[in-house]
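Below you'll find the structure, written out as structure tokens, and then a few comments.
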Amino acid sequence: MFLIREFIKKRFLFYLSGIFTLIIVDTLQLIVPKFISKAVDSLNVKTPDIHVAKLMALGIIGIALGMFITRFLWRFFIIGSARKFTYEARKILYEKMLSLDMSFFDKHRSGDLMAHFTNDMNNLERMLGPGIVMMVDASFMSVVTVFFMATSVGWKLTLIALIPLPFIMLISLIFGKFIYKRSKKVQDTFSDLSGFTEESVDGIRILKSFSILPKFEDLFSKKANNNFMATLSLVKVWGIMWPLIHFISSLSYFITIAYGGPMVINQKITLGMFFAFNNYIGMIVWPLTAFGWVINIIQNGRASYNRILKILNTKSKVKEPENSVEINEIENILIKELDYKYPDTDRYVLKGVNLEIKKGQLVGIVGTVGSGKSTIVKIISKLYPVNKGHVFINGYDINDIPSEVVRTKISYVPQETFLFSTSVKNNIAFGLEDLDEWQVKEYAMLSAVHSDIEKFPKSYDTVVGERGVTLSGGQKQRITIARALIRNSDVFIFDDCLSAVDPETEERIIESLRKNMESKTMIIITHRLKVLKDADVIYVFDNGQIVEKGNHEELIQKGGLYANMFKKQLIEESL
């Protein structure tokens with residue numbers, strides 16, 4: 001797991017160099033009033049010494065040049081390290097999310113997850129960059145400025161002028177608690193708003209087709225208003241805090257003028273010393289005020305860090321084996337007495353399922369809606385966790401086989417099609433490199449989409465748009481099938497992934513696959529029973545159980561659920 005302290009330990013020399021150069025900047029900054037003091041005193045005499053004033057002016061320019069160089073360096077070391085943190089943290093968070101099972105994504109909206117990569121990471125970057133700068137600035141400048149003030153005009157005026165300033169720190173600490181709670185509320189409402197917005201954009205065609213745009217506008221308005229009110233609540237805290245801090249800091253100026261002015265008149269201190277002291281008052285107000293900024297940045301960062309740690313601490317329910325078993329080729333899949341319910345749910349979606357699939361078979365899975373058909377193939381693909389002793393591949397428990405091995409040897413085409421916003425060729429050859437176009441075309445022909453692609457403006461180089469929006473449902477489904485076929489896996493699972501094409505095309509595709517991929521195992525979930533007439537075995541599901549098993553002819557002769565479903569489809573076709 002990625003922790004901040006581990007990162008700081010790794011980048012310790014960078015932060016140390018940054019802090020060192022930052023201290024140099026602050027020291028140079030504190031020397032400037034000394035030069036101004038000498039310049040003023042050299043001119044505030046009967047015989048002004050222009051040479052000293054010029055020398056002090058040149059010194060100030062030299063200091064400015066030194067500050068220019070050191071300011072660049074501390075930004076490079078500290079701000080650069082903060083950027084490095086977000087770069088590494090985003091990578092780790094992304095890899096972590098990819099490692100989690102599907103039950104995690106069933107519970108978290110994509111908009112909420114995106115907020116971790118944007119808003120939360122930005123808060124962490126501010127905490128590890130500007131937050132550290134302000135903390136060092138505030139600590140060093142406070143102590144050293146007080147020392148310079150005391151050496152300029154003495155401790156008496158210094159201590160009197162500083163009387164109001166400790167209250168600035170007290171105010172920052174008190175308001176910090178409110179800032180933390182309200183910052184967390186802002187982040188939560190922002191996450192909710194971004195998640196809803198992303199869902200609305202993704203489902204814009206549904207919104208328009210159902211004519212419910214006004215309703216979603218109202219929902220968006222409510223969520224945006226929640227975020228606005230949470231932000232306004234935070235702004236109110238800051239709106240009280242900052243004027244209060246500036247009011248208290250102005251009291252120091254008042255005391256300096258009221259108490260230090262007469263000291264200049266009585267010649268206890270010089271005018272130059274008085275000028276320098278006022279400059280130091282302005283300098284010390286900033287570090288004390290910066291404590292408020294630091295608290296805000298740290299509180300926001302803490303809230304974001306806890307949200308990210310929650311993801312990083314999440315463990316995949318699909319556990320990888322400690323002593324893994326390697327398999328070269330899937331010979332058979334066996335399921336024994338499987339009762340199954342999805343993680344963190346109470347309802348069993350599969351009950352006492354027994355199923356066997358052998359190499360080279362065409363296996364059909366049919367049944368009523370919600371009977372567990374898709375669940376069984378998701379378990380076989382190791383997308384969801386399953387207890388030991390129920391699912392076996394080549395005689396080995398699926399829990400003893402690494403997920404990567406299972407998913408490499410099993411190509412699963414789900415009901416929901418998803419295409420990336422790139423060319424048709426890249427979508428088919430997804431994840432595979434150095435493929436010739438003829439190979440892509442070969443599998444496009446197998447999935448009966450080649451002729452459609454040839455009609456596209458740029459053929460296989462046509463960009464399909466976000467989620468394949470420019471294609472028809474049937475075209476998207478057939479491209480996803482071609483994408484699965486080109487992987488040349490041992491087992492192909494087609495989960496009702498041809499529902500958008502006509503029955504004749506579906507039959508033609510299944511026949512083509514069966515003819516050209518005889519050595520491959522195919523599992524087909526479909527509602528069109530005619531395509532399974534040549535299947536080796538068909539499993540009929542109802543209410544999470546296998547109620548029938550056999551080939552097409554055997555099931556028709558039984559006159560059970562399968563036969564009734566088939567007869568009903570024949571009647572619908574004739575009508």
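Where a number appears in this text, it was derived from the coordinates with a stated rule and is not lab data. Worth saying up front: this structure is predicted, and the values here are computed from it rather than measured. Cβ placement follows ideal geometry from the backbone for every residue including glycine, while neighbour counts extend to all protein chains displayed.
Okay, here's what the table says:
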read-out	value
Listed pairs LYS358/LYS549; LYS388/LYS409; LYS177/LYS315; LYS215/LYS341; LYS378/LYS558 exceeding 23 Å between Cα atoms	LYS177/LYS315; LYS215/LYS341; LYS378/LYS558
Given charges at beta-carbon only (K, R positive; D, E negative), |dipole| of the chain in Debye	2800
Electrostatic dipole magnitude of region 332-574 [Cβ: Lys, Arg +1; Asp, Glu -1; Cα centre; debye, to 20]	260
Mean ellipticity per residue at 222 nm, deg cm²/dmol - from DSSP H runs of n ≥ 4 across the chain, formula -39500 (n - 2.57)	-20000 deg cm²/dmol
Crossing angle, helix 12-43 versus the chain [Cα axis fit, 0-90 degrees, rounded to tens]	30
Sequence-distant residues sharing a close amide H with LEU350 (under 5 Å, placed H)	TYR340
Descending semi-axes in Å of region 332-574, equivalent ellipsoid built from Cα gyration tensor	30, 22, 16
Whole-Hz couplings from phi, Karplus 6.51/-1.76/1.60, listed for region 508-516; x for Gly and Pro	4, 5, 5, 5, 5, 5, 4, 6, 8
Reach of LYS184 by Cα under 15 Å, taken over aspartates and glutamates that are not fewer than 8 positions away in the same chain	ASP112, ASP120, ASP192
Cα principal axis extents for region 124-183, largest first, Å	42, 23, 8
Rg to Rh, two decimals, where the chain supplies the alpha carbon set and Rh follows Kirkwood	1.18
Normalised per residue, the volume of the convex hull around the Cα set of region 238-396 (Å³)	235
DSSP-defined beta bridges in the chain - what % are antiparallel, rounded to 5	50
Entries in LYS373/LYS476; LYS96/LYS185; LYS319/LYS520; LYS107/LYS185; LYS317/LYS382; LYS359/LYS515 that, when Cα-Cα distance is taken, lie over 18 Å	LYS373/LYS476; LYS96/LYS185; LYS319/LYS520; LYS107/LYS185
For region 517-524, Karplus couplings with θ = phi - 60° (6.51, -1.76, 1.60), whole Hz, Gly/Pro x	10, 4, 7, 8, 8, 10, 10, 10
Cα long-axis angle, helix 437-446 against the chain (0 to 90 degrees, to the nearest 10)	50
Peptide ranges 316-326, 508-518 listed from the most packed, as the mean C-beta count within 10 angstrom indicates	508-518, 316-326
Exposed chymotrypsin sites (Phe, Trp or Tyr not before Pro) absent - longest run of the chain, DSSP non-H/G/I/E/B, at most 11 other C-beta within 10 Å	1-209
Folded to 0 to 90 degrees: helix 50-74 orientation relative to the chain principal axis, Cα	20
Net dipole in debye of region 4-312 [+1 Lys, Arg Cβ; -1 Asp, Glu Cβ; about Cα centre; nearest 20]	280
Counting all C-alpha pairs of region 313-434, share separated by more than 25 Å (%)	32
Dimensions (Å) - region 4-312, Cα atoms, principal axes, largest first	89, 39, 30
For region 332-574, share of DSSP beta bridges that run antiparallel, in % to the nearest 5	50
